[in-house]
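Okay, structure first, notes after.
Quick note: the coordinates plus some simple rules give every number you see, no bench work behind them. Treat the numbers as computed from the prediction; the structure is a model and nothing was measured. Neighbour counts run over all protein chains shown; Cβ positions are idealised from the backbone, glycine included.
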Amino acid sequence: MKLIKSLALLLICAELAAQSPKGTAPRASADKYPAHAEQSRASIGALLLSRKDARKVFITNVEECCVVVEVALFPKGTRVNVSVDDFVLRVKGADIGIRPASAELIAADLVEIVPGDRTTQAGVETHSGIGYEHGGIDPATGQRRPNGVVYSSGAGVGVGVGGKTTPNNTETIRYDRRAMEQELSGKALPLGEASAPVSGYLYFSVPSKDRKNVHQLEYTGNGEKVVLNLP
């Protein structure tokens with residue numbers, strides 16, 4: 001029964017995600033972003049998110065594994081094809097670049113880094129996890145809550161011995177991972193043909209030692225290459 005409920009929740013989550021707008025709202029123009037450049041067929045703007053900014057934007061702890069860059073493309077009266085293969089992130093001066101990682105890959109990494117947990121100490125059981133919450137009325141404020149990914153935690157009386165840790169079951173881990181995928185893919189840069197401005201996030205899996213270094217974003221669209229220095 002619990003598995004059936006989880007599968008039903010995942011189906012609802014996928015349906016809501018399909019109905020929701022993808023990416024972010026583009027700014028007025030490319031030059032409204034800290035880094036920007038021009039091509040013959042499109043303008044591009046980019047913003048490197050700090051760890052603090054990433055924690056404000058995402059419920060998923062994406063800053064634990066990635067450098068996150070918001071990218072906006074502004075076609076100039078024509079259609080452009082948006083593909084993750086057109087983007088490369090480089091540590092300034094380095095020869096090896098990093099391509100964007102998919103939401104599925106990032107979620108898989110994060111489930112291993114920050115999984116939900118369940119521990120029992122002195123007869124009190126605590127638990128935490130991540131899930132998808134459907135909108136409703138907040139009883140504390142009377143305001144409507146939006147749909148979205150949420151973290152949960154709680155405690156209750158248990159029968160275990162203090163200090164014992166019970167690992168997550170496979171069902172919970174799969175649900176956590178799916179919820180992360182929904183948030184990351186929903187806010188990612190929309191891909192495919194675009195004739196109007198589009199914007200969203202790209203996720204780059206960067207070793208922790210390099211995340212504080214100055215980065216450059218390379219964009220090669222329509223055969224034209226531009227390099228943006230990310231402040």
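If we count other beta carbons within 10 Å of each Cβ, what is the order of D109, D176, D31, D95, fewest first?
So the residues, fewest neighbours to most, are D95, D31, D109, D176.
Output the pairs from K22/K225; K32/K225; K92/K225; K187/K225; K92/K212 with a Cα-Cα distance over 23 Å in this structure; if there are none, say none.
K22/K225; K187/K225
Lys and Arg at +1, Asp and Glu at -1: add these up for the other residues within a Cβ distance under 12 Å of F74 and post the number.
That works out to +2.
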